[in-house]
Amino acid sequence: MLEMVLLGTSASAPTIERGLPAQLVIYQDERFLVDCGEGTQRQILRSGLGFRRLERILLTHGHLDHILGLGGLISTFARWEAVEHIEIYGGRWALERVRELLFRVVLRGARPPVPVELTEIQPGFLMGNETFAVYAFPVVHRGPGSYGYLFRERPRRPFLADKATALGIPAGPERGQLVNGQRITLADGRVIEPDEVLGPQRPGLSLALTGDTARIDNLVEVVRDVDLLLCEATYLERDAEMARRFGHLTAAQAAQLACAAGARMLVLNHLSQRYSVYEMLQEARAIFPATLVSRDFDYYRITRDRIEVLNKDFSGADAEFKTLFPE
């Protein structure tokens, strides 16, 4: 299961209903905060997610609406002893602005209350383990060093429990060994090979966040067949010239990207208060029907069978997830 919580969905400035850009991606015990707009720490508190295990922050770019929340968030981390260290990843220009913000404005030359590590990223593999990986991909926006992020489970062969039972393989460590590609010997002397109980390899779950971008032609292959595409859609087509001028996409362009890439679901994000949700959905769904418009505190669960969403802030923590676009 791959999860995402939208903490801020507005473009450029907050509104009554929307905070500035921030998303939390969750995979098993791993947590990644993508961008940290002003007020993000309050959004985290409202979401009920808490600050534990929020050591890694991935920045899409260095514009202030995406980084100004870092000062307050890190101060809170130190006060509450929520984390032991902080890793911030981003392009060179973004990290230069973060360094100025944290070390010259917030800390004013003092030693950080917790170790802060700034890591400049390059396109391609960023981090991961044997089951999961994070990739950074370049996008075109105003200013250098802008990135989107792809979160992807590694491909795996599913374990066929029925076949294992038919072969008399007991539940326990033997099955785990087979999943890990190791042959086992049963108590009766039979040797069981992994191929006997593993199905064909299938791709893992995936989630792509574009950040702010002005082009889609360079992203189609990057987000090919992604399960959920969180794509900026700051403008509508009637303001396409303004979108080009400021380095953003329209809802129609976001839908075109999802369609061309074969995405399973599209969520429009980084929204201008100029437009209604209805207008944005109407424009995007005419091209890509499996489209939603983001809301602050939307909580997405991605599984192989379905994509579900709950709005934790307005529906209550014990509300049922709503199933969307099942296969």
- Message: If I filter the stretch 179-194 down to residues being surrounded by 13 or more Cβ atoms within 10 Å (Cβ to Cβ) and at pLDDT 85 or above, which single residue comes out as nearest to residue 130 (Cα to Cα)?
- Response: 194
- Given the conditions (1) modelled with pLDDT under 95; (2) more than 25 Å from residue 124 (Cβ to Cβ), every one holds for residue 234 apart from (1)
- Message: Kindly evaluate residue 46 against the criterion of being in the same structural domain as residue 140 (by TED's automatic domain parsing), in contact with a helix residue (DSSP H, G or I) (Cβ under 9 Å, 6 or more places away or on another chain) and either hydrophobic (A, V, I, L, M, F, W, C) or surrounded by fewer than 19 Cβ atoms within 10 Å (Cβ to Cβ) (or both).
- Response: yes
- State yes or no: is residue 114 at pLDDT below 90 and touching an Asp or Glu at 6+ places or on another chain (Cβ under 9 Å)? yes
- In the stretch 244-258, anything in contact (Cβ under 8 Å) with a residue 24 or more places away in the chain and either surrounded by fewer than 17 Cβ atoms within 10 Å (Cβ to Cβ) or not assigned by TED's automatic domain parsing to the domain that holds residue 226 (or both) is listed as 244, 246
- Which of the residues spanning the stretch 105-157 are surrounded by fewer than 15 Cβ atoms within 10 Å (Cβ to Cβ) and aromatic (Phe, Trp, Tyr)? 125
- Message: List the residue pairs whose Cβ atoms are under 7 Å apart, where the first residue sits in the stretch 266-295 and is in the same structural domain as residue 226 (by TED's automatic domain parsing) and touching a residue at least 12 places away in the same chain (Cβ under 8 Å), the second is of a type in the set (Asp, Glu) and not in a loop (DSSP other than H, G, I, E, B), and the two are 6 or more positions apart or on different chains.
- Response: 269/232; 270/232; 283/237
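The values are calculated or read from the model by the stated rules, or taken from the named source; none is laboratory data. In this text, all values refer to a predicted model and were calculated from it rather than measured experimentally. Ideal geometry is used to build each Cβ from the backbone, glycine not excepted, and the neighbour counts take in all protein chains shown.
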